[in-house]
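Provided herewith is a single structure, encoded as structure tokens, for subsequent inquiry.
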Amino acid sequence: MSHQDHFANAPSCFSVLSNTQLNIIQDKKAQVSYLKGENIIKHNAPATHVIYVISGLVRVYLQSEGQSKQANLRLAKSGDFMAFSSVFGKSTYPYSAIAMTDTLVCMVDKEALKEVLMDNPDFGMLITTRNYQLEQRYLDIISNLSFNQMRGKLASALLYLSSDEFEKEDVFLNFTRQDIADFASITVESAIKFIKEFEKEKIIQIINKNIEIISTEKLQLLSKKG
């Protein structure tokens with residue numbers, strides 16, 4: 001498969017690379033497929049590769065040592081990177097990741113990617129921009145956990161999962177109520193209760209398992225008020 005096929009979903013990043021630079025990455029990568037529910041990354045495992053999502057949906061999360069409790073960080077979709085910190089000296093994966101749908105990824109050798117980053121500042125700037133967006137996501141998580149009550153936490157989770165970046169991913173059809181609760185950092189019982197309340201308040205609409213947002217404005221208000 002050509003490099004254009006592998007990286008077609010992230011043209012804004014890879015379009016600035018020369019053929020030589022693309023070949024450096026292409027020569028040191030491996031394509032791997034995962035079934036829904038399979039682990040892609042395990043926290044603290046040796047980080048030898050940066051992972052680029054070709055297709056699918058991946059839940060990225062933290063899990064306490066010896067505990068079942070998880071804290072969801074984000075969803076990675078087609079065109080997203082995971083474990084980019086390995087390029088800058090991180091020797092182990094800083095989080096875990098699991099396939100929420102059947103997923104295809106490209107495992108890129110971190111040293112090859114580092115070589116290209118150092119050789120092409122435009123590519124480095126695009127990657128930095130993407131990482132800034134993730135930083136803002138993590139700040140939102142901290143704010144949500146620190147200041148919001150349960151209804152506000154659920155509202156924030158629904159806003160994130162229904163945001164424009166996931167409009168083609170059918171997130172709610174692939175998520176259980178437990179998955180949604182985990183993103184809101186509340187119990188599944190509370191999530192089910194508040195989802196029913198939001199439906200009665202005509203904030204959302206439930207069609208089979210799917211959740212459709214009726215009033216983004218009301219969700220935003222709930223998220224801000226906590």
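Restricting to region 98-133, give me the number of residues that are within 27 Å of Phe194 (Cβ to Cβ) and either in the same structural domain as Ile204 (by TED's automatic domain parsing) or of a type in the set (A, V, I, L, M, F, W, C) (or both).
Step one: list which residues in region 98-133 are within 27 Å of Phe194 (Cβ to Cβ), which gives 98, 100-101.
Filter once more, keeping what is either in the same structural domain as Ile204 (by TED's automatic domain parsing) or of a type in the set (A, V, I, L, M, F, W, C) (or both): 98, 100.
Qualifying residue count for the region: 2.
Are there any pairs, at least 6 apart or on different chains, whose C-beta atoms fall under 8 Å, with the first in region 174-196 and within 11 Å of Leu161 (Cβ to Cβ) and the second in a loop (DSSP other than H, G, I, E, B) and aliphatic (A, V, I, L, M), and if so, which?
Asn174/Met100; Phe175/Met100; Asp179/Met100
Lys69 fails exactly one of the following numbered conditions: (1) modelled with pLDDT under 90; (2) farther than 23 Å from Leu161 by Cα; (3) surrounded by fewer than 14 Cβ atoms within 10 Å (Cβ to Cβ). What is the number of that condition?
(2)
In addition: Considering (1) closer than 22 Å to Asn174 by Cα; (2) touching a residue at least 40 places away in the same chain (Cβ under 8 Å); (3) surrounded by 17 or more Cβ atoms within 10 Å (Cβ to Cβ); (4) of a type in the set (Gly, Ala, Ser), say which one Ala76 fails and leave the rest.
Looking at each condition in turn, Ala76 falls short on (2).
Contact list please: Cβ distance under 9 Å, first residue in region 147-171 and at positive phi, second residue not in a loop (DSSP other than H, G, I, E, B) and not small (Gly, Ala, Ser), pairs at least six apart or on different chains.
If the second residue must be not in a loop (DSSP other than H, G, I, E, B) and not small (Gly, Ala, Ser), the pairs left are Asp170/Leu57; Asp170/Asn210.
Can I ask one more? Specify the residue that is surrounded by the fewest Cβ atoms within 10 Å (Cβ to Cβ); the eligible residues are those in region 152-179 that are in contact with a Leu (Cβ under 7 Å, 6 or more places away or on another chain) and either of a type in the set (Gly, Ala, Ser) or not assigned by TED's automatic domain parsing to the domain that holds Ser190 (or both).
Only one residue fits best here, namely Gly152.
Let me ask another. Would you check which residues across region 198-226 are of a type in the set (A, V, I, L, M) and surrounded by 13 or more Cβ atoms within 10 Å (Cβ to Cβ) and list them?
If the condition is that a residue be of a type in the set (A, V, I, L, M) and surrounded by 13 or more Cβ atoms within 10 Å (Cβ to Cβ), then Ile203, Ile204, Ile206, Ile211, Ile213, Ile214, Leu219, Leu221, Leu222 are the ones that fit.
Does Ser185 satisfy the condition of being touching a strand residue (DSSP E or B) at 6+ places or on another chain (Cβ under 9 Å) and at pLDDT below 90?
yes
Taking region 180-197 on its own, how many of its residues are surrounded by fewer than 19 Cβ atoms within 10 Å (Cβ to Cβ) and in a loop (DSSP other than H, G, I, E, B)?
1
Hey, among the residues in region 84-94 that are closer than 19 Å to Gln136 by Cβ and in contact (Cβ under 8 Å) with a residue 40 or more places away in the chain, which one's surrounded by the fewest Cβ atoms within 10 Å (Cβ to Cβ)?
Among those that are closer than 19 Å to Gln136 by Cβ and in contact (Cβ under 8 Å) with a residue 40 or more places away in the chain, it is Pro94.
Give Val32, Val53 a once-over and let me know the one that is among the hydrophobic types (A, V, I, L, M, F, W, C) and either in contact with an Asp or Glu (Cβ under 8 Å, 6 or more places away or on another chain) or not assigned by TED's automatic domain parsing to the domain that holds Tyr93 (or both).
Val53
The values are calculated or read from the model by the stated rules, or taken from the named source; none is laboratory data. Keep in mind that what you see is a predicted model, and the values were worked out from it rather than measured. Cβ: placed from backbone, ideal geometry, glycine included. Neighbour counts: every protein chain shown.
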